[in-house]
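Here the structure is laid out as structure tokens; the discussion comes afterwards.
The values are calculated or read from the model by the stated rules, or taken from the named source; none is laboratory data. Just so you know, these numbers come straight off a predicted model, no measurement behind them. Here the Cβ positions follow ideal geometry from the backbone for every residue, glycine too, while neighbour counts run over all protein chains shown. Areas reflect the complete protein model, heavy atoms only, side chains present, ligands, DNA and RNA absent. Shrake-Rupley method; radii C 1.70, N 1.55, O 1.52, S 1.80 Å.
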Amino acid sequence: MNHVKIALCQMNVVDNKEENLKKASSMIKKASSEGADIAVLPEMFNCPYENEKFIEYCENKENSSSLNTMSKLAKDLDIYILAGSIPEEIDGKIYNSSFFFNNKGEIIKNHKKVHLFDIDVPGKISFKESDTLSSGDSFNIADTPYGKIGMGICYDLRFVELSRILTLNGAEILIYPGAFNLTTGPAHWETLFKSRALDNQVYTIGVAPALNKKSNYHAYGHSLVASPWGDIIAECGFDEELKIVDIDLDKINKVREEIPVLKNRRDDLYNIIEK
């Protein structure tokens, strides 16, 4: 059997970077002690999800306390870490950046959120990441001993093109650290992860912050794993929680043999559209 144990670290993010790093470290250490191969943190795990806080908390990759902490943990614990995302400063711009560390503490892939979260649902929620953040322009796949893992961040999940590009380039697991809210979460979170899993016959994983009612932005929580068959095989609630999920990678080929969606793609249709 071809298995990988993935830790969903649904941590409570507060307005204190040092406390956030302590909490993230504690959850990763616990995940490692329980046999996890990969630990995944939420979107903006070191920082409250607010535009003004992105500016206050942003870090340069070269002297980032957040990334240095994750690098040391990965090496000391012999574990792979997908460090959710942090506000990363590059040449005066700030990006929503996710970093994947191998078990030697090296960054093997960095994904910058491509699709910025600019929405306005009257009477419910309005948020514009583009007021502060710049968008990335590339797709990213981490090559690990557990297979190829495609990376996205939160709002990237809504765009089927990115997930298909990742899958066609070999990704068998798609991981999206996210921070859906109490409006979009109940409406779309689970459905979107099931949809991307079914579209591409891959595992999809979302890891979010816990609901913190003291913060200005109320995250939905509900970190989850969807299988290539479209089942939700693990899901957290609203509160802080560490959940380790054993994923059977052999199920990917099994599902693709039973329903050969990718094998029967009609590339000629895409060519017609392009013309």
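Count, please, the residues in segment 25-51 that happen to be touching a residue at least 60 places away in the same chain (Cβ under 8 Å) and assigned to a helix (DSSP H, G or I).
From segment 25-51, those touching a residue at least 60 places away in the same chain (Cβ under 8 Å) are 27, 30-31, 34-38, 40-45, 48-51; that's our starting set.
Restricting the remaining residues to those that are assigned to a helix (DSSP H, G or I) gives 27, 30-31, 51.
Within segment 25-51, residues that are touching a residue at least 60 places away in the same chain (Cβ under 8 Å) and assigned to a helix (DSSP H, G or I) number 4.
Inside segment 111-126, residues that are open to solvent by less than 30 Å² (accessible area, probe 1.4 Å) and more than 16 Å from the chain's Cα centre (by Cα) make up a count of 2. Restricting the first member to segment 228-242 and to residues that are farther than 11 Å from TYR203 by Cβ and aromatic (Phe, Trp, Tyr), and the second to residues that are part of a loop (DSSP other than H, G, I, E, B) and modelled with pLDDT of 95 or more, the beta-carbon pairs closer than 9 Å and six or more apart or on different chains are PHE238/ALA210; PHE238/LEU211; PHE238/TYR220; PHE238/GLY221; PHE238/HIS222. For segment 78-97, the candidate set comprises residues that are more than 22 Å from SER223 (Cβ to Cβ) and in a strand (DSSP E or B); within that set, the residue that is most open to solvent (accessible area, probe 1.4 Å) is LYS93.
I'd like to know if segment 86-101 contains one or more residues that are of a type outside the set (Gly, Ala, Ser) and farther than 23 Å from ASP137 by Cα.
Residues of segment 86-101 that are of a type outside the set (Gly, Ala, Ser), as a first pass: 86-91, 93-96, 99-101.
Okay, now just the ones that are also farther than 23 Å from ASP137 by Cα, so none.
No, the conditions are met nowhere in segment 86-101.
Of the candidates ILE38, ILE55, the single residue that is closer than 19 Å to ILE175 by Cα and of a type outside the set (D, E, K, R) is ILE38.
Taken over segment 58-67, the criterion of being buried (at least 20 other Cβ atoms within 10 Å of the Cβ) and in a helix (DSSP H, G or I) is satisfied by SER66, LEU67. Among the residues of this structure, LYS251 counts as one that is open to solvent by 10 Å² or more (accessible area, probe 1.4 Å) and either modelled with pLDDT of 95 or more or among the small types (Gly, Ala, Ser) (or both). Out of ALA187, ALA142, one residue alone is over 18 Å from SER227 (Cα atoms) and out of contact with any strand residue (DSSP E or B) (no Cβ under 7 Å at 6 or more places or on another chain). It is ALA187.
Screening MET70, MET11 for residues that are farther than 22 Å from SER134 by Cα, touching a helix residue (DSSP H, G or I) at 6+ places or on another chain (Cβ under 6 Å) and open to solvent by less than 50 Å² (accessible area, probe 1.4 Å) leaves exactly one candidate, MET11.
Just to be sure before I move on: is PHE100 in contact with a Gly (Cβ under 8 Å, 6 or more places away or on another chain) and either surrounded by 15 or more Cβ atoms within 10 Å (Cβ to Cβ) or at pLDDT 95 or above (or both) in the structure I sent? Criteria not met by PHE100. Which members of segment 191-214 meet the condition of being within 28 Å of ASP250 (Cβ to Cβ), open to solvent by 10 Å² or more (accessible area, probe 1.4 Å) and not basic (Lys, Arg)? Of everything in segment 191-214, those that are within 28 Å of ASP250 (Cβ to Cβ), open to solvent by 10 Å² or more (accessible area, probe 1.4 Å) and not basic (Lys, Arg) turn out to be THR191, LEU192, SER195, LEU198, ASP199. Within segment 169-182, the set of residues being open to solvent by 10 Å² or more (accessible area, probe 1.4 Å) and touching a residue at least 60 places away in the same chain (Cβ under 8 Å) comprises GLU172 only.
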